[in-house]
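Presented below is the structure to which this report refers.
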Amino acid sequence: MRPLTSDDLPHADALFNAAYGRRGGLGEAGRRYLAWQPDGWLLAELSGQPVGMVYAVRYDRFAYVGVMAVPPSAQRRGVGRALMTRLLTDLEAHAVGTVRLDATPEGAALYRHFGFVEEGTKTLYRRAEAVRGELVGMRPLRRGDLLALTAFDAPKFGAARDHVLRTLCEAYPERAFVSRRAGGVSGYVVASPRSIGPWVADDSRTAEQLLLCALALPFETEPSVIAPDANTAAGTLLARYGFRVVRRTVHMRRGSETPIDYAKLYAQVSFAVG
Ligand SMILES: CC(C)(COP(=O)(O)OP(=O)(O)OC[C@H]1O[C@@H](n2cnc3c(N)ncnc32)[C@H](O)[C@@H]1OP(=O)(O)O)[C@@H](O)C(=O)NCCC(=O)NCCS
């Protein structure tokens with residue numbers, strides 16, 4: 001087992017495709033994950049061949065685990081267990097007390113061995129009707145907004161994630177919208193060409209206006225959204241604007257509870273980084 005580096009990203013794409021039955025790999029997201037936590041990604045090899053990987057980004061209050069992947073040809077031989085053992089040892093060495101992740105049913109069975117418990121559920125939605133939004137009362141994010149935006153985000157997400165938000169806002173300057181009220185931020189959304197999130201707002205009316213802005217943008221495919229089920233307003237809004245449920249996943253935690261303001265957290269970035 002060794003750290004995965006940028007040279008290994010083609011292996012990461014192949015492992016991801018094989019384990020999750022996908023074709024496009026992680027693409028740009030893989031490069032971002034590595035940039036956000038360069039020492040957070042493990043690659044397992046057997047006779048020089050990649051047989052598995054797992055990743056964790058360390059925020060200040062908890063770590064988020066993602067892209068756990070063992071291709072079908074190597075499954076049920078202890079690779080996943082070995083990867084998780086090493087990852088958790090590494091996280092403990094960094095004094096990480098709380099670890100979170102979103103689990104597939106196979107993954108959940110593995111994580112229970114390591115003391116992960118269910119903390120909630122998340123739903124993956126995809127737009128099924130081409131409902132177009134409009135740019136209502138929000139303006140695209142400006143560079144000077146980033147400080148206020150990250151300060152607004154941290155108590156809702158439950159950890160500071162300045163580096164994540166900065167990268168996303170710089171990658172999609174025309175696709176990030178901020179809502180301001182009485183001098184402060186009251187919500188924001190970032191939409192990539194394929195998905196919407198993070199999407200965070202003080203109230204459902206602001207969240208709706210942000211969603212409308214996002215839906216006014218062009219997308220490469222019908223956009224997906226990963227919303228915590230604890231935020232019931234997110235599901236209501238998504239249904240209203242033509243989104244359908246793709247699947248539900250279990251959200252798990254290991255270690256002590258840390259606060260997350262799910263009432264204001266409408267969508268996360270991805271399954272890998274929360
Ligand atoms: C989930 C996954 C990583 C497990 O990897 P693995 O190398 O096969 O896991 P291990 O052989 O180390 O299994 C360890 C334990 O996890 C549990 N487990 C693993 N795969 C399981 C499955 N398909 N169904 C039920 N339990 C499973 C079992 O308890 C297993 O112990 P056992 O084999 O002694 O019964 C792998 O199946 C995978 O990549 N699946 C597709 C992608 C995915 O779902 N990733 C997880 C995202 S959260």
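At a 1.4 Å probe radius, carbon and sulfur cover how many percent of the accessible area of the chain? Don't skip to the end; give the middle numbers.
Details: 6320 of 12310 Å².
After summing per-atom areas, the C and S share lands at 51 percent.
Peptides 108-114, 197-203, 123-129, 260-266 ranked from most to least packed, by the mean per-residue count of other Cβ atoms within 10 Å: 197-203, 260-266, 123-129, 108-114. Of interest is the spacing of the C-alpha centroids, which for segment 201-274 and segment 41-91 amounts to 26 Å.
Can you tell me the relative contact order of the chain? Whole percent, Cα pairs under 8 Å, sequence separation 6 or more. Let's see the in-between values first.
Details: 548 pairs, mean separation 62.6, N = 274.
That works out to 23 percent.
Sorted by accessible area (1.4 Å probe), largest first, how do 175, 2, 61 line up? Don't jump to the answer; show the numbers that get you there.
Working: 175 30, 2 75, 61 120 Å².
Of 175, 2, 61, the descending order of accessible area is 61, 2, 175.
Just need the relative contact order of segment 2-96 here, percent rounded to a whole number, with Cα pairs under 8 Å and 6+ apart. Write down the numbers at each step before the final one.
Values: 134 pairs, mean separation 23.8, N = 95.
Result for segment 2-96 is 25 percent.
Accessible area per residue for the chain is 45 Å², calculated with a 1.4 Å probe on protein heavy atoms, without ligands, DNA or RNA. Quick one: go through segment 6-37 and flag any residue whose amide nitrogen is under 17 Å from the point 7 Å out along the Cα-to-Cβ line of residue 77. Inside the label zone: 15-16, 18-19. Note on exposure: 162, 7, 102 ranked by accessible area (1.4 Å probe, complete protein assembly) read 7, 162, 102, with the most exposed listed first. Peptides 205-211, 30-36 ordered by packing proxy, namely the average of other Cβ atoms within 10 Å per residue, highest first: 205-211, 30-36. Computed with every protein chain present, the accessible area of residue 6 is close to 80 Å² [probe 1.4 Å]. So what does the Cα-only Debye profile of the chain read at q = 0.07, 0.16, 0.17 Å⁻¹, as log10 I(q)/I(0), no solvent term? Log-scaled intensity ratios, in q order: -0.24, -1.27, -1.41. Working from Cα pairs under 8 Å separated by at least six residues, relative contact order for segment 125-267 is 34 percent. In segment 23-115, the ratio of gyration radius to Kirkwood radius, Rg to Rh, stands at 0.94 when only Cα atoms are counted. Placing a label point 7 Å from the Cα of residue 163 along the Cα-to-Cβ direction, the residues of segment 29-44 whose backbone N falls under 18 Å from that point are 29-43.
The values are calculated or read from the model by the stated rules, or taken from the named source; none is laboratory data. Please read these numbers as outputs of a predicted model, since none were measured by experiment. Cβ atoms come from the backbone with ideal geometry, glycine included; neighbour counts cover every protein chain shown. Side chains included, ligands, DNA and RNA excluded: accessible areas come from the protein's heavy atoms. Shrake-Rupley method; radii C 1.70, N 1.55, O 1.52, S 1.80 Å.
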